[in-house]
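The values are calculated or read from the model by the stated rules, or taken from the named source; none is laboratory data. It should be emphasised that the depicted structure is a prediction, and the values quoted were computed from it without experimental measurement. Every residue, glycine as well, gets a Cβ built from its backbone with ideal geometry; the counts of neighbours run over all protein chains shown. The protein model used for the area step is the full one, side chains on, heavy atoms only, and it has no ligands, DNA or RNA in it. Shrake-Rupley method; radii C 1.70, N 1.55, O 1.52, S 1.80 Å.
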Amino acid sequence: MILQVLAASIGVMGFSILFHSPRKSYFACGFCGGIGLFFYLALLQCGISLPVAAIFSTVAVTIIARILAVSLQMPATIFLIAGIFPLVPGAGIYYSTYYLITNEWELFQSKGIETLGLAGGIALGMILGSEVPQSLIRRIARGLHALSSRIG
């Protein structure tokens, strides 16, 4: 799992570079992507279903993205898109389409429902994470900034 999270973080950093995110956001974007995948995999190992794991991990990514946006004075979208990138069910979309084209209806149905559940979980997680009051996000960001200034 640690290797998967590390690979996701590096991949998200590459994604951020490729799509011209600001230079000072590369590591934060990688952190968001890694944390999102970590929560997702940890929840799956606890026996939680795919869509529910997607919801909770996306809520975590959304909140972290908003905290990073306040801390680094950038739009939260930079971190949010990068953070959900490892969660997007790209392979599920591919296989759903493949099964549709090859007339394998049972496989299409099962993979399609799974993929829609993941996509819906990501969307719902973004909505729920956006409902956390901005005043609380600012307080957390200030607290983390104060903590980091004491440490370093």
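Tabulated results
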quantity: Relative contact order of the range 92-134, pairs being alpha-carbon contacts under 8 Å that are 6 or more residues apart, as %; calculated: 34
quantity: Label point distance in nm, I10-L72, each placed 7 Å from Cα along Cα→Cβ; calculated: 2.0
quantity: Per residue Cα convex hull volume in Å³ - calculated over the chain; calculated: 124
quantity: Carbon plus sulfur fraction of accessible area for the range 86-143, probe 1.4 Å, in percent; calculated: 65
quantity: C-alpha center-to-center spacing [the range 97-136, the range 26-49] in angstrom; calculated: 16
quantity: Normalised contact order of the chain, rounded percent, pairs of Cα under 8 Å and 6 or more residues apart; calculated: 26
quantity: Volume per residue of the C-alpha convex hull in the range 60-144, rounded to whole Å³; calculated: 77
quantity: Highest average packing first - 131-139, 25-33, 43-51, 84-92, Cβ atoms within 10 Å; calculated: 25-33, 84-92, 43-51, 131-139
quantity: Accessible area in square angstrom per residue, the chain, 1.4 angstrom probe; calculated: 60
quantity: Rule-of-thumb Rg ratio for the range 2-42 [Cα; 2.2 N^0.38 Å; N residues]; calculated: 1.10
quantity: Full-stretch length increase - L128, K24 - with 0.36 nm per residue and alpha-carbon distance subtracted; calculated: 34.7 nm
